[in-house]
Amino acid sequence: MSSHREFDVVLWGATGAVGRRVAHHLATRNKTCGLQWAIGGRNEAKLKAVGASLPESAKNIPIVIGDNFDRASLDALVARTRVVCSTVGPFAKFGSELVAACATSGTHYCDISGEVHWMRRMIDTHQAEAERSGARIVPACGFDSVPSDLGVFLLQSRAQAQYGKVCHHVRMRVTTMRGGFSGGTAASGVYAAEQGRRDPSISRFNAEPYALNPKGERSGPDRPDKMMPFEVKFDPHLNGWTMPFFMSPINNKIVRRSNALLNYRYGKEFRYEEAIFTGPGPFGWILATTGVLGARVFLTAMAMAPTRNLLKRYVLPKSGEGPGRETRENSTYEIVQLGILDDSTSMRVRLRGKGDPGVESTSRILVEAALCLAEDGDRMAVSGGFWTPASAMGDLLLSRLGDHAGLTFEIVNDETIISRTSGN
Ligand SMILES: NC(=O)c1ccc[n+]([C@@H]2O[C@H](COP(=O)([O-])OP(=O)(O)OC[C@H]3O[C@@H](n4cnc5c(N)ncnc54)[C@H](OP(=O)(O)O)[C@@H]3O)[C@@H](O)[C@H]2O)c1
């Protein structure tokens, strides 16, 4: 890739609910980074309004116009920048040509996709081209799946340093989660439901635990990821109740792919799973049971066209909409990852995030991933190809998240846990 491109980073999709927050955080961060960056998308008037809303230092931000369905405009875009940071989703609907353009031109790329069947298609179609061009392509750089992926990465590094071995089994538990979700997330859910009805192979694929692993490495000890899981389970390790975490089928596969791409640093027998922890005793059970019932009603409504259309029309946020400022900024989340070592010694990492996970925290995480690709390339161990956040950016991204994205990762004692959950 030519190092003499006009921009270091182009934020693509800057007018969306997440894109606007990414633009704001990039503008703030760039006061100290001093990179050349631009915002881009398909609507010039909306992009100008985003530019005008940015802090003074970025008021005259350059604007790049293009459309995800117009390949020539995407080729022109990727030729101008070293990194594309995309929030244009649903990615399975809009994202393919942009990834293709980046892979061909050697332009690094990160996004906040969570659509694993689309990621698989992109890897299979463009891996060779990305290796040739040197483009580092890193999907899933939002709340899905950076906290899960980097939490395990940190836990295993510490286990190796402290005990000289790794955890053969890691359980992730969401212990607190408050916030909202945006129109694009709703659209991705609707799009996935519609695609799934048309093509049942997508659901079968999504259940495959190692679906994102490289070819020839798609087996291991983990059982299939259930796409509509409704179990309430007692977790003896935490002495409390759990319900399924709706993002786990995505995060699980990213974490397992990281293990494979890191040459099985976590071991070939490594197992990983996620759930929401609702607490001990009858109250924990009631929370888990009502949460599961709510999920069942929602997913059933999403699976049927008439109720899905009603939800789209009257309930779900529209494109560009998301949680209000107070929810975005005052929400928090906490996850705990419990690692079991061979001899039953255990370790725990606790991750706390500031800002609602769906928009605010996601946008801050994505900014750090884009800056990491733009600034830390010389220090990365990997070259062109499709990567996970942990396998491409590992420790580099971990320290950025702690310093700039409101995330704290701590190794904690077994006794320090577990606060309590709020499942909204
Ligand atoms: N990984 C995570 O944790 C996470 C968290 C939140 C969201 N997400 C995902 O992020 C994506 C975006 O979410 P969002 O709520 O920000 O969505 P949104 O508000 O609907 O924004 C979508 C953006 O895409 C642009 N766009 C749409 N069609 C385009 C086209 N043909 N060419 C160029 N740009 C186009 C829109 O531009 P206009 O303004 O011109 O329409 C807008 O900027 C979704 O896929 C969502 O699932 C992931």
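The values are calculated or read from the model by the stated rules, or taken from the named source; none is laboratory data. Because the structure is a prediction, the values reported are computed rather than measured. So basically every Cβ, Gly included, is an ideal-geometry build from the backbone, and we count neighbours across all protein chains shown.
Can you tell me which residue in the stretch 344-358 is farthest from the ligand (Cβ to nearest atom), limited to those that are in contact (Cβ under 8 Å) with a residue 24 or more places away in the chain and more than 16 Å from residue 146 (Cβ to Cβ)?
Taking the stretch 344-358 as the starting set, the residues that turn out to be in contact (Cβ under 8 Å) with a residue 24 or more places away in the chain are 345-358.
From what's left, more than 16 Å from residue 146 (Cβ to Cβ): 345-348.
Working: 345: 32, 346: 28, 347: 26, 348: 23 Å.
Only one residue fits best here, namely 345.
Which condition breaks for residue 307 when tested against (1) within 14 Å of the ligand (Cβ to nearest atom); (2) more than 20 Å from residue 23 (Cα to Cα); (3) in a helix (DSSP H, G or I)?
Result: residue 307 fails condition (1) only.
Any residue at all in the stretch 52-70 that is modelled with pLDDT of 95 or more, assigned by TED's automatic domain parsing to the domain that holds residue 94, within 12 Å of the ligand (Cβ to nearest atom) and assigned to a helix (DSSP H, G or I)?
For the stretch 52-70, residues modelled with pLDDT of 95 or more, assigned by TED's automatic domain parsing to the domain that holds residue 94, within 12 Å of the ligand (Cβ to nearest atom) and assigned to a helix (DSSP H, G or I): absent.
State yes or no: is residue 53 loosely packed, with under 14 Cβ neighbours inside 10 Å and either more than 24 Å from the chain's Cα centre (by Cα) or in contact (Cβ under 8 Å) with a residue 60 or more places away in the chain (or both)?
Details: loosely packed, with under 14 Cβ neighbours inside 10 Å: yes; either more than 24 Å from the chain's Cα centre (by Cα) or in contact (Cβ under 8 Å) with a residue 60 or more places away in the chain (or both): yes.
Criteria met by residue 53.
Please state which of the following conditions residue 390 fails to meet, knowing it meets all the rest: (1) crowded, with 24+ Cβ neighbours inside 10 Å; (2) in the same structural domain as residue 134 (by TED's automatic domain parsing); (3) more than 13 Å from the chain's Cα centre (by Cα).
Unmet condition: (3).
Taking interchain pairs and intrachain pairs at least six residues apart, which have beta carbon atoms under 9 angstrom, with the first residue in the stretch 359-370 and under 17 Å from residue 326 (Cβ atoms) and the second among the β-branched types (Val, Ile, Thr) and near the ligand (Cβ under 8 Å from one of its atoms)?
Between residues of the stretch 359-370 that are under 17 Å from residue 326 (Cβ atoms) and residues that are among the β-branched types (Val, Ile, Thr) and near the ligand (Cβ under 8 Å from one of its atoms), the close pairs are 359/18; 359/185; 363/18; 363/87; 363/112.
Which is within 10 Å of the ligand (Cβ to nearest atom) and in a helix (DSSP H, G or I), of 31, 93, 48?
Working: 31 fails: within 10 Å of the ligand (Cβ to nearest atom); 48 fails: within 10 Å of the ligand (Cβ to nearest atom).
Only one candidate passes the filter, namely 93.
Quick one: which residue in 365, 340 is outside any loop (DSSP other than H, G, I, E, B), in contact with a Cys (Cβ under 7 Å, 6 or more places away or on another chain), on the phi < 0 side of the Ramachandran plot and assigned by TED's automatic domain parsing to the domain that holds residue 102? Quick ask: steps written out before the conclusion?
Working: 340 fails: assigned by TED's automatic domain parsing to the domain that holds residue 102.
Unique residue meeting the criteria: 365.
Please verify whether residue 253 is within 17 Å of the chain's Cα centre (by Cα), charged (D, E, K, R) and either more than 16 Å from the ligand (Cβ to nearest atom) or surrounded by 17 or more Cβ atoms within 10 Å (Cβ to Cβ) (or both), treating the condition exactly as stated. Talk me through it step by step, then tell me what you get.
Details: within 17 Å of the chain's Cα centre (by Cα): yes; charged (D, E, K, R): yes; either more than 16 Å from the ligand (Cβ to nearest atom) or surrounded by 17 or more Cβ atoms within 10 Å (Cβ to Cβ) (or both): yes.
The answer is yes for residue 253.
Run down 217, 231 and say which single residue is exposed (fewer than 13 other Cβ atoms within 10 Å of the Cβ) and part of a loop (DSSP other than H, G, I, E, B). I'd like the intermediate steps shown before the answer.
On the way: 217 fails: exposed (fewer than 13 other Cβ atoms within 10 Å of the Cβ).
231 is the lone residue from the list that is exposed (fewer than 13 other Cβ atoms within 10 Å of the Cβ) and part of a loop (DSSP other than H, G, I, E, B).
Among the candidates 324, 377, which residue alone is more than 16 Å from the ligand (Cβ to nearest atom) and out of contact with any Leu (no Cβ under 8 Å at 6 or more places or on another chain)? Full working, then the answer.
Numbers: 324 fails: more than 16 Å from the ligand (Cβ to nearest atom).
One residue alone meets the criteria, 377.
For the stretch 216-248, which positions are out of contact with any helix residue (DSSP H, G or I) (no Cβ under 6 Å at 6 or more places or on another chain) and under 21 Å from residue 92 (Cβ atoms)? It would help to see each step written out before you state the result.
Taking the stretch 216-248 first, the residues out of contact with any helix residue (DSSP H, G or I) (no Cβ under 6 Å at 6 or more places or on another chain) are 216, 218-223, 226, 229, 231, 233-239, 242, 244-248.
Listed by number, the residues that qualify are 218, 226, 246, 247, 248.
When you go through 99, 83, 88, 78 one by one, which is the residue that is closer than 26 Å to residue 185 by Cβ, buried (at least 21 other Cβ atoms within 10 Å of the Cβ), in contact (Cβ under 8 Å) with a residue 60 or more places away in the chain and away from the ligand (no atom under 13 Å from the Cβ)?
Values: 99 fails: in contact (Cβ under 8 Å) with a residue 60 or more places away in the chain; 88 fails: away from the ligand (no atom under 13 Å from the Cβ); 78 fails: in contact (Cβ under 8 Å) with a residue 60 or more places away in the chain.
Step by step, each of 99, 83, 88, 78 is checked, and only 83 is closer than 26 Å to residue 185 by Cβ, buried (at least 21 other Cβ atoms within 10 Å of the Cβ), in contact (Cβ under 8 Å) with a residue 60 or more places away in the chain and away from the ligand (no atom under 13 Å from the Cβ).
Of the residues that sit in the stretch 178-214 and are within 16 Å of the ligand (Cβ to nearest atom) and part of a loop (DSSP other than H, G, I, E, B), which one is nearest to residue 118 (Cα to Cα)?
212
One line per residue, one yes/no per condition, for (1) within 21 Å of the chain's Cα centre (by Cα); (2) more than 24 Å from residue 124 (Cα to Cα):
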{"residue": "208", "(1), (2)": "yes, no"}
{"residue": "216", "(1), (2)": "no, no"}
{"residue": "220", "(1), (2)": "no, no"}
{"residue": "294", "(1), (2)": "no, yes"}
{"residue": "306", "(1), (2)": "no, yes"}
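With (1) part of a helix (DSSP H, G or I); (2) at pLDDT 95 or above; (3) within 24 Å of residue 86 (Cβ to Cβ); (4) more than 16 Å from the ligand (Cβ to nearest atom) as the list, and residue 149 as the residue in question, which single condition is left unmet?
Every condition holds for residue 149 apart from (4).
Counting only residues that are without any contact (Cβ under 8 Å) to a residue 40 or more places away in the chain and farther than 18 Å from residue 9 by Cβ, how many does the stretch 374-402 have? Explain how you work it out, then say what you get.
Going residue by residue through the stretch 374-402, those that are without any contact (Cβ under 8 Å) to a residue 40 or more places away in the chain are 376, 378-379, 381, 396, 399-400, 402.
Narrowing further to those that are farther than 18 Å from residue 9 by Cβ: 381, 399, 402.
Result for the stretch 374-402: 3.
Among the residues of the stretch 1-52, which ones are touching a strand residue (DSSP E or B) at 6+ places or on another chain (Cβ under 9 Å) and charged (D, E, K, R)? Talk me through it step by step, then tell me what you get.
Keep residues of the stretch 1-52 that are touching a strand residue (DSSP E or B) at 6+ places or on another chain (Cβ under 9 Å), which gives 1-3, 5-16, 18-19, 22-23, 26-27, 30, 33, 35-44, 47-48, 50-51.
Residues satisfying the conditions are 5, 6, 8, 42, 44, 48.
Is it the case that residue 173 is more than 15 Å from the ligand (Cβ to nearest atom) and in contact with a strand residue (DSSP E or B) (Cβ under 7 Å, 6 or more places away or on another chain)?
Numbers: more than 15 Å from the ligand (Cβ to nearest atom): yes; in contact with a strand residue (DSSP E or B) (Cβ under 7 Å, 6 or more places away or on another chain): yes.
When the stated conditions are applied, residue 173 passes them.
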